[in-house]
């Protein structure tokens, strides 16, 4: 065994977040941080406002942003918190169940050959089923209470995480594993010190995608038979010809989705601090 | 992309608002209207193809769109997906008050099509018993508004119950499977539930049923008065036929809605009154009496002038010369 191979992965075997990035990344200026991301939404909002005010677009089809803001403010005083809390709670529970199951099953399939033969083909087949196809069955099996909604969200969160785990573990460099074996690591230690850190980027991406899908499935679940929640609010607006309420619900969904994604991203940055990835050079 | 789509939409809106004034004489390519199980005359009209006959010389195609409830019909009208659609009166007023550009020149029936329904073995005996119960109703329809007004009778409001929003047919299933405690039903589903599962009508009030309104998009009515009049004449023909042959009309309803004939007979013969098709003082008064619930339950924006919305909705003149 040549020594270079031994030297190289030593770094990767260390499980503590190691060396800081080689090149300190320059802090983006406020222009980059704030102005650029807001440019497009602000332009769209201003354009919509002007188009409606000028009568180019009928207000019953596209309420002006100012009216959506008024509606949001009014809703805030009339039970909006309850809707947001209900939806967030559903997403949290559904995501926890779905992602938890996916982590366990994904690890099993990735690490155990027979399990993979038994489970993987079936799971891949289930993955191909569109979310809305589940609705009639879930209503039939679980009624119209919380259970079908949680199950639906869990289904949505499951597959991206599952795929992340399996492909992440499959993608681990064989040489790293060999080195771990050379060092006579026990199987648990091998998982903890080699496989997990190496597969972590893919797993975290899976978790992030799973969370995004959980929000999407939440709306699908709440559109069907809910008494509160953002999906309920959305259909409330739909059924009473209130496009402003529909838009307000959509804005809230975007904000909540973005916030949870940012939280996930922060976790990812923290856990993957050792990574020295590629970034686009700024001029 | 989004802005461009909006601009295109806007341009299309301007174009479609400007065009018909010049192109008024040209025949329509397509006339889009709905049919619904809650409007037996729409089913009769569709079955006999009288509209297709009427418009054949012009080369106008008739597109029939199914409305599962007033909420759907009004949504299609609001988005200009159909030109003429059937809904309950109060549901139409709700849409109009929230900005949907529609007018009602014709009443397709005076039905008692909704009531509060419970299972036959239900312990619920009165409206007051509904407090804290789970009740299914389709939002934006007469049954939902009927539910709210009934609760008000018992001094309750929509926060006192748990409302589950289900489309009419699903509401029936949920009630019969015990997933909800009560259901604001709609015929023919309600009649079917009564006759097939023995469901009991907990509370009925014919005055809380707000007529069957045939709504026309405001712009269509303004630019296509001739076509609208021809549709209403065809509706008159269907109405006359239905009154003369209620048993046959019930059979058509039974076939279309896939309900037993007894259910359809109950709806057409006993719970529908086809005698007064012209919107008038009676309908305006009924809407005025019902309108406060829209404000009380925050279904319209604060400060909406409901009387103005009623005046803008109900067209008492257009159909006068057409009605036999």
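Below is a table of values for the structure above.
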read-out: Condition met for residue A:129 (in a loop (DSSP other than H, G, I, E, B), crowded, with 22+ Cβ neighbours inside 10 Å and modelled with pLDDT under 90); value: no
read-out: Criterion: surrounded by fewer than 21 Cβ atoms within 10 Å (Cβ to Cβ), at positive phi and within 14 Å of chain A (Cβ to nearest Cβ) - qualifying residue of B:155, B:159, B:178; value: B:178
read-out: Top-ranked residue in region B:183-198 [being more than 14 Å from every other protein chain (Cβ to nearest Cβ), touching a strand residue (DSSP E or B) at 6+ places or on another chain (Cβ under 8 Å) and crowded, with 23+ Cβ neighbours inside 10 Å; ranked as farthest from residue B:283 (Cα to Cα)]; value: B:193
read-out: Criterion: closer than 27 Å to residue B:190 by Cβ, touching a helix residue (DSSP H, G or I) at 6+ places or on another chain (Cβ under 6 Å), away from chain A (no Cβ under 14 Å) and surrounded by 14 or more Cβ atoms within 10 Å (Cβ to Cβ) - qualifying residue of B:260, B:279, B:246; value: B:246
read-out: Lone qualifier among B:63, B:68 - being more than 9 Å from chain A (Cβ to nearest Cβ) and modelled with pLDDT under 90; value: B:68
read-out: Region B:46-100: number of residues that are assigned to a helix (DSSP H, G or I) and under 18 Å from the mean Cα position of the chain (by Cα); value: 19
read-out: Condition met for residue A:271 (modelled with pLDDT under 90 and within 17 Å of the chain's Cα centre (by Cα)); value: yes
read-out: Unique residue being more than 19 Å from residue A:223 (Cβ to Cβ) and either at pLDDT below 90 or buried (at least 20 other Cβ atoms within 10 Å of the Cβ) (or both) when the list is A:104, A:161, A:151, A:118; value: A:161
read-out: Region B:300-320: number of residues that are in contact (Cβ under 8 Å) with a residue 40 or more places away in the chain and either touching a strand residue (DSSP E or B) at 6+ places or on another chain (Cβ under 6 Å) or in a helix (DSSP H, G or I) (or both); value: 10
read-out: Count of residues meeting criterion [in a helix (DSSP H, G or I) and under 34 Å from the mean Cα position of the chain (by Cα)] in region A:53-74; value: 10
read-out: Close pairs from region A:209-222: first under 21 Å from residue A:140 (Cα atoms), partner outside any helix (DSSP H, G or I), Cβ under 9 Å, at least 6 apart; value: A:218/A:229; A:219/A:229; A:221/A:229; A:222/A:228; A:222/A:229
read-out: Number of positions in region A:229-240 that are within 9 Å of another protein chain (Cβ to nearest Cβ) and within 24 Å of the chain's Cα centre (by Cα); value: 2
read-out: Breaking point among (1) within 27 Å of residue B:210 (Cβ to Cβ); (2) surrounded by fewer than 24 Cβ atoms within 10 Å (Cβ to Cβ), for residue B:67; value: (2)
read-out: Residue within region B:285-299 that is without any contact (Cβ under 8 Å) to a residue 40 or more places away in the chain, away from every other protein chain (no Cβ under 14 Å), surrounded by fewer than 19 Cβ atoms within 10 Å (Cβ to Cβ) and over 30 Å from residue A:243 (Cα atoms) present; value: no
read-out: Residue that is surrounded by the fewest Cβ atoms within 10 Å (Cβ to Cβ), among those in region B:101-121 that are away from chain A (no Cβ under 14 Å) and assigned to a loop (DSSP other than H, G, I, E, B); value: B:121
read-out: Filter pass, residue B:169 being on the phi < 0 side of the Ramachandran plot, within 14 Å of chain A (Cβ to nearest Cβ) and part of a helix (DSSP H, G or I); value: yes
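The values are calculated or read from the model by the stated rules, or taken from the named source; none is laboratory data. Owing to the predicted nature of the structure, the values given are computational and were not obtained by experimental measurement. Glycine also receives a Cβ, built like all others from the backbone with ideal geometry; neighbour counts cover every protein chain displayed.
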